[in-house]
Amino acid sequence: YMDSIFGGSIWDIIEYNDKLYITVVTGKNGNKQAFALFCGEPDENGEWSYDLIAGNEADGAEYPFGLGSDRSGAANLMVYDGYLYIGGYNDPMLALPEVFNGSFESLYKDLNSPVCLWRLDENNDIEMVAGEANEVFPEGPIGNMGAGFGSNMNQYVWRMENYNGQLYVGTFDITGLAYPLAQFANGDIFKMTKEEWESQLNYIKQVIDNLGLIPESDKDIASTGASVDLAT
């Protein structure tokens with residue numbers, strides 16, 4: 001089926017402390033919900049049992065879906081220095097099509113809730129490493145950076161790696177993808193120079209021409225091949 005981030009129910013699997021940790025996409029298409037986290041291990045007979053670490057607290061989860069970050073539809077995992085690191089994954093690209101229907105609500109919620117990073121110890125106790133204080137972690141992060149690692153445009157942790165004794169965290173920055181839309185909301189279009197306006201308008205005209213959106217009979221009127229000159 002199509003889940004809320006179009007990726008598949010099981011998102012990531014990793015071994016830590018002789019157990020298997022699994023993050024799961026729980027949201028369905030059109031219904032965004034944060035990830036769940038399971039911990040599993042076999043007994044001496046090879047029979048597996050699982051504990052729900054993060055998810056529906058009515059089902060016994062110690063932590064809520066998404067560890068309190070309700071926009072994180074998935075999470076990536078990495079073992080480093082005796083801890084299991086959990087990187088949030090918001091996937092704001094799902095909100096972009098809604099903008100073309102005139103709704104900015106989902107995009108606003110995503111940009112208002114940038115990526116967080118947590119770590120889990122051998123007792124399945126979890127700390128927030130990067131993020132903002134909330135009901136789950138009222139004392140906030142143990143690190144020196146807030147949600148988004150300093151930028152709301154950092155929407156998810158794409159990959160983590162242990163290199164030379166340090167943890168490297170790669171994020172997805174939605175700035176380039178969202179900026180053509182965001183500039184209308186943040187007022188940047190009012191700061192554009194005449195040259196920038198000419199460049200943008202000529203680009204739009206070229207796209208329209210390439211897509212064949214103007215009938216041939218109207219092209220002599222539209223003159224799509226001509227450049228825009230704001231001086232005239």
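Only the coordinates and a few stated rules stand behind these numbers; no lab work does. Please read these numbers as outputs of a predicted model, since none were measured by experiment. All Cβ positions, even for glycine, are placed from backbone atoms using ideal geometry, and neighbour counts span all protein chains on display.
Residue by residue through the range 143-148, what is 3J(HN,Hα) from phi via Karplus (6.51 cos²θ - 1.76 cosθ + 1.60, θ = phi - 60°)? Round to whole Hz and write x for glycine and proline.
x, 9, 10, x, 4, x
How much net charge surrounds residue 110 when only other residues with a Cβ under 15 Å from its Cβ are counted (Lys, Arg +1; Asp, Glu -1)? Let's see the in-between values first.
Values: positive: 32, 71, 109; negative: 70, 91, 98, 105, 132, 173.
Taking every Cβ under 15 Å from that of residue 110, the sum is -3.
With unit charges on the beta carbons (Lys and Arg positive, Asp and Glu negative) and the dipole taken about the Cα centre of the range 1-112, which residue among 101, 5, 63 sits farthest to the positive side?
Going by the Cα projections, it comes out as 101.
Going by amide H atoms built from the backbone, whose H comes under 5 Å of the H on residue 16, apart from near neighbours?
21
With θ taken as phi - 60° and the coefficients 6.51, -1.76 and 1.60, list the Karplus ³J(HN,Hα) couplings across the range 68-79 in order, rounded to whole Hz; mark glycine and proline as x.
Here the 3J(HN,Hα) series is x, 9, 6, 9, 7, x, 8, 8, 9, 10, 7, 8 Hz.
Per residue of the range 151-165, in order, report the coupling 6.51 cos²θ - 1.76 cosθ + 1.60 (Karplus, θ = phi - 60°) as ³J(HN,Hα) in whole Hz, putting x for Gly and Pro.
Couplings: 9, 5, 6, 6, 9, 7, 7, 8, 7, 10, 8, 8, 9, 6, x Hz.
Could you tell me which GluC sites (Glu not before Pro) in the range 1-107 are loop residues by DSSP with no more than 13 other beta carbons within 10 angstrom of their beta carbon?
On the way: sites: 15, 44, 47, 57, 62, 98, 105; in loops: 44, 47, 62.
Sparse-neighbourhood loop GluC sites (Glu not before Pro): 44, 47.
Among the GluC sites (Glu not before Pro) within the range 107-156, which fall in a DSSP loop and have no more than 12 other Cβ atoms within 10 Å of their own Cβ?
On the way: sites: 122, 127, 132, 135, 139; in loops: 122, 132, 135, 139.
Passing sites in the range 107-156 are 122, 135, 139.
If you wrap a convex hull around the C-alpha atoms of the range 25-173 and split its volume per residue, what is the figure in Å³?
Numbers: hull volume 19.8 nm³, N = 149.
For the range 25-173, the hull spanned by Cα atoms encloses 133 Å³ per residue.
If you wrap a convex hull around the alpha carbons of the range 1-76, what volume per residue comes out, as a whole number of Å³? Could you put the intermediate results ahead of the total?
Numbers: hull volume 7.6 nm³, N = 76.
That works out to 100 Å³ per residue.
Size of the dipole of the range 1-138 about the Cα centre, Lys and Arg at +1 and Asp and Glu at -1 on the beta carbon, nothing else charged, in debye to 20? Display every interim value, and only then the final one.
On the way: 6 positive and 24 negative charges, 163 e Å.
With only Lys, Arg, Asp and Glu charged at Cβ, the dipole is about 780 debye.
Could you compute the net charge surrounding residue 139? Neighbours are other residues with a C-beta less than 13 Å from the C-beta of residue 139; K and R count +1, D and E count -1.
Values: positive: none; negative: 127, 132, 135.
Net local charge, residue 139 excluded: -3.
In the neighborhood of residue 9, defined by Cβ-to-Cβ distances under 13 Å, what is the net charge if each Lys or Arg adds +1 and each Asp or Glu adds -1?
Numbers: positive: 28; negative: 3, 12.
Local charge sum for residue 9: -1.
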